[in-house]
1. What pairs come out if I take residues in the range 540-556 that are open to solvent by less than 40 Å² (accessible area, probe 1.4 Å) and pair them with residues that are aromatic (Phe, Trp, Tyr) whose C-beta lies under 9 Å away, six or more apart or interchain?
2. Among the residues of the range 414-434, what is the count of those that are farther than 30 Å from Glu555 by Cβ, small (Gly, Ala, Ser) and touching a strand residue (DSSP E or B) at 6+ places or on another chain (Cβ under 9 Å)?
3. Kindly establish whether Val436 is among the aliphatic types (A, V, I, L, M) and buried (at least 20 other Cβ atoms within 10 Å of the Cβ).
4. Just to be sure I understand, how many residues within the range 376-385 are surrounded by 13 or more Cβ atoms within 10 Å (Cβ to Cβ) and part of a helix (DSSP H, G or I)?
5. Could you say whether any residue in the range 580-599 is touching a residue at least 12 places away in the same chain (Cβ under 8 Å) and either within 30 Å of Ala294 (Cα to Cα) or open to solvent by 70 Å² or more (accessible area, probe 1.4 Å) (or both)?
6. What number of residues within the range 21-54 are among the hydroxyl-bearing types (Ser, Thr, Tyr) and open to solvent by less than 10 Å² (accessible area, probe 1.4 Å)?
7. Would you pick out the residues in the range 444-468 that are open to solvent by 50 Å² or more (accessible area, probe 1.4 Å), touching a Leu at 6+ places or on another chain (Cβ under 8 Å) and either β-branched (Val, Ile, Thr) or outside any strand (DSSP E or B) (or both)?
8. Of Arg33, Arg105, which residue is farther than 18 Å from Leu142 by Cβ and of a type outside the set (S, T, N, Q)?
Amino acid sequence: MNAHSAPSSGQPPFLIDRAISAMRELASQVPHRPIQQTQLLALQIASWMHLSQVGKIEEPNLQFNRTDVHMNAIPSILEGLAKSLLHEADRQIFKARHIGLYEDRELFSVLECAEDLIRCNMFSRIYSAEHLSALATFSATLEVTSLRLPSELSQLLVTLAAPAAGTEMLICYDDTLSKGLIAAAVAEQAHIHVETPDPTLPWVFKLASASNFSIASHDPLLDVSPDDGDLAHFHCGIISAPMGKRYPTESMHRRYQVPSTDSSILGIQHALSKISGRTVALVPNNLLFASGDANNLRSYLLRQKLLFAVISLPTALLQSTSVEFSILILQHNSESVVFIEGSTEEFFNRDGRGRSTLNGWPLLVEIFRDPSAWPTHASAVAHDALEASGQALLPRRHIGAKRTPPTRGRQVRELGELVSIHRPRPRVASEETTPVFEVGPSDFPKFGKLTESSRRVDAPTADLSKALIQPNDILLAAKGAIGKVAMAGRICAPLPMVVSQACVILRPHPRSRLPPEILFAYLRSNLGQDLLLQRRTGNTVPNLLAKDISSLPVEIPSDAECDDIRNLLERQEILQFQVDVLLREQAMNGDLICQIFEGGQ
């Protein structure tokens, strides 16, 4: 079962940009229907046109004839195609139908879009990597799936899986066949098998690519018998299970070593049961640190030496979700785990709408292939060491160890030895409260000390004494804006001041050898910020756990260095005061100019 059919020559190339424009224009022409259904219908009608052109439709009344097509006849024609076409692969294209929702004028726009796709040579069936890659890029732009992966991410997943000619590759949840098309372009003559709940688009792109994919129409996590025996016969594979989906307990087949209802946990185990070589899995970040079933899965992967690499990715790569996610690479008999930090700026571009594009994916592949050459981006850790340390698998925690003190012979202490940590307690509705002013990360000054706030709230009276901000307290953002730091000066507010739920108070011990202003400067330094960011957890809202704050390593500078730091901080504070004076004068001059013109009126 080869991935490609025999070569075709003399065929024009697929005009991908024109095809993408046609689909986007269709969305504006049919604005009152779900875009997913409208795009799917256009592709089905384009397939109907192509099958008519190549003589695959035997019944005359089902053939496409542009001069004699009636909008009200299209629904029955598509239904007839789903029943009467000779080949099962062709019939599958027309199984899903939503055409009954459309009015004639809307169907006319869909029909014109389908004709554009034909004119763009989507079905030219050229035997080339270029045509397959163009189809993959086009399929990745379609709004037809809840977890639509951008083309760059699909290319990264396929390249990491490393399919080779003649090998068997499994791809689970490939609703647009984009990963399958890329794999076919990368590995000529690879045998590619796709399992996906909605196979309509894969069948369309199978037809357009002239490639002989094997497509199974089922949910991979539900429709596998526990009596299938030894399932592991694929050489490599990719799984990107729907994130956050829950499955009933009856779906837990005996091949799942870690019982769970979570789709990502079940998906990894499904892939391991069917793939004997390398598996590449796209997973939400909470799988890397959460307790419960996620912790049990991490323990199982490390104990069985199945985890080969963890690659973090930038946020906002997907249109449908802001959930942070990473790549796990699984391989039997792995000696250690390679951690790669792929969420930094050199790997992505951010557009004006806050979405990211993974334009640096080739560099991630290069780092994966030779991690020792990239010590600032990658690090290898033994499985046993990870089990002993609690199994948290966030790359930034393990790569940043290379920047961890001591440096230049300085003494190092844990932050918990130098300060007491106070986190505000949430208010209970029925308890007694006291009016206070609240401070959050947005109130932290860029330079100088925090002395006032204007946001009045009611705080729990119980334990209020520990939550009140005192001079020389260090305030640390522990939720959301991780790493923002402020130091409290003499409080000038008419009411007591407390920190918000997004912050913690670091209160230096009276006998601490490290002055509070030096600790403040350390936490704001590049080294301190790196160490804080390494310890952040959280899938959608990042946060710092108290134990991770307490264990943060802190360098103790020499007395001479402390004097230098103190002088520089004082100079910063003086400069900030001068800047504030100049800004007030600037604003006042602006007001005077306005008054002159208003007086002239």
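1. Short answer, once both residue conditions are applied: Val554/Tyr522; Glu555/Tyr522.
2. Narrowing the range 414-434 to residues farther than 30 Å from Glu555 by Cβ: 425-434.
Subset that is small (Gly, Ala, Ser): 429-430.
When the remaining residues are screened for being touching a strand residue (DSSP E or B) at 6+ places or on another chain (Cβ under 9 Å), the result is none.
Residues in the range 414-434 being farther than 30 Å from Glu555 by Cβ, small (Gly, Ala, Ser) and touching a strand residue (DSSP E or B) at 6+ places or on another chain (Cβ under 9 Å): 0 in total.
3. Details: among the aliphatic types (A, V, I, L, M): yes; buried (at least 20 other Cβ atoms within 10 Å of the Cβ): yes.
Here the answer is yes, as Val436 does meet what is asked.
4. 1
5. At the first step, the residues of the range 580-599 found to be touching a residue at least 12 places away in the same chain (Cβ under 8 Å) are none.
No, there is no match, as no residue in the range 580-599 is touching a residue at least 12 places away in the same chain (Cβ under 8 Å) and either within 30 Å of Ala294 (Cα to Cα) or open to solvent by 70 Å² or more (accessible area, probe 1.4 Å) (or both).
6. Taking the range 21-54 and keeping what is among the hydroxyl-bearing types (Ser, Thr, Tyr), we get 21, 28, 38, 47, 52.
Then drop every residue that is not open to solvent by less than 10 Å² (accessible area, probe 1.4 Å), which leaves 38, 47.
Adding up the residues that qualify gives 2.
7. Phe447
8. Working: Arg33 fails: farther than 18 Å from Leu142 by Cβ.
Answer to the selection: Arg105.
The values are calculated or read from the model by the stated rules, or taken from the named source; none is laboratory data. From a predicted model like this one, the values you see are computed outputs, not experimental measurements. Virtual Cβ from ideal backbone geometry, glycine too; neighbours counted across all protein chains shown. Accessible surface areas use protein heavy atoms only, side chains included; no ligands, DNA or RNA. Shrake-Rupley method; radii C 1.70, N 1.55, O 1.52, S 1.80 Å.
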